[in-house]
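Let me begin by presenting the structure, written as structure tokens, before commenting on it.
No lab work stands behind these numbers, since they all come straight from the coordinates. Everything quoted here is computed from the prediction, not taken from an experiment. Positions of Cβ are backbone-derived with ideal geometry, glycine not excepted, and every protein chain shown enters the neighbour counts.
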Amino acid sequence: MTIGLFFKKVIKAVLPYGLLKLFRYYKSQKLLSYCPICKKTGNFKRFGVRPRPNAQCPHCGSVERHRLLWIFLQKHTDIFKKDNKKILHVAAEPFLAEKLTKIYGENYLTADLFNPRAMVKMDITDIQYSNNTFDVIICNHVLEHVIDDAKAIREFCRVLKSTGWAILLVPIKQSLEKTYEDYSITTEAGRLEAFGQGDHVRYYGRDYVDRLKSGGFKVRITGTNELAKEKEIKKMKLSKENIYYCHK
């Protein structure tokens, strides 16, 4: 008999039934994950093309990167305080879109090339808005789908106000020093094998920040460990990645 099993038997034998139930409930609550977006606890679900365990909140549907972004926005921006900011949100995350629509109304614009629920249809390599239009741009996990991502980054920089900021996140393979691209790979199966998903056209490497700078941005990088303590990272199931805060 292992020591762990021995102590379990002792606890079961010594504790009254009511206290035993309370102990089991407390233990089960410690094992539950917490979502900072909807502020609910639960057993997070598997999610992804290659399913990740404990990834998706069963209540609001957020995944690891969404929860990390939410914490960053709360701690390092004033986006949740109502003012006259004009916001462009590409491929908008539903939980964030709902919140920002209530705050900003017609000053909040969602855009997508394919999603009919977006407010405007937009090709981010050819944005049909004037220079210096937006105070905030949010575009997460989109650039890896775009062949000419350099042009898209330049377009974001062009339409962003000089006093504005943008968050442009992509999946990054930290083992890669340089971004891996091969435009001869055109099939879904080939891209799944090469880039981890059938509709991705590259694997970004650690040089992603250089690509943002080449597009005209200055970049401030914030890591997960700067946003939450290790026990909070585990409890909220946050992704271990960087937030790239871009400005002119």
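Summary of computed values
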read-out	value
Angle in degrees between helix 64-76 and the longest Cα principal axis of the chain, rounded to the nearest 10	70 degrees
Rounded, prolate or oblate (a/c below 1.5 giving rounded, otherwise prolate when a/b exceeds b/c) for the chain by Cα gyration tensor	prolate
Loop-located chymotrypsin sites (Phe, Trp or Tyr not before Pro) in region 94-148, at most 12 other Cβ atoms within 10 Å (DSSP)	114
Beta bridge orientation in the chain: antiparallel %, DSSP, nearest 5	45 percent
Ranking of 59, 89 by count of other Cβ atoms within 10 Å, fewest first	59, 89
DSSP-assigned coil residues among trypsin sites (Lys or Arg not before Pro) in region 91-141, each with at most 13 further Cβ atoms within 10 Å	117
Residue-averaged 222 nm ellipticity for the chain, from DSSP H runs of 4+ at -39500 (n - 2.57), nearest 500	-10500 deg cm²/dmol
Pairs from 75/234; 121/234; 178/213; 173/235; 178/237 whose Cα-Cα separation, in the structure shown, is over 26 Å	121/234; 178/237
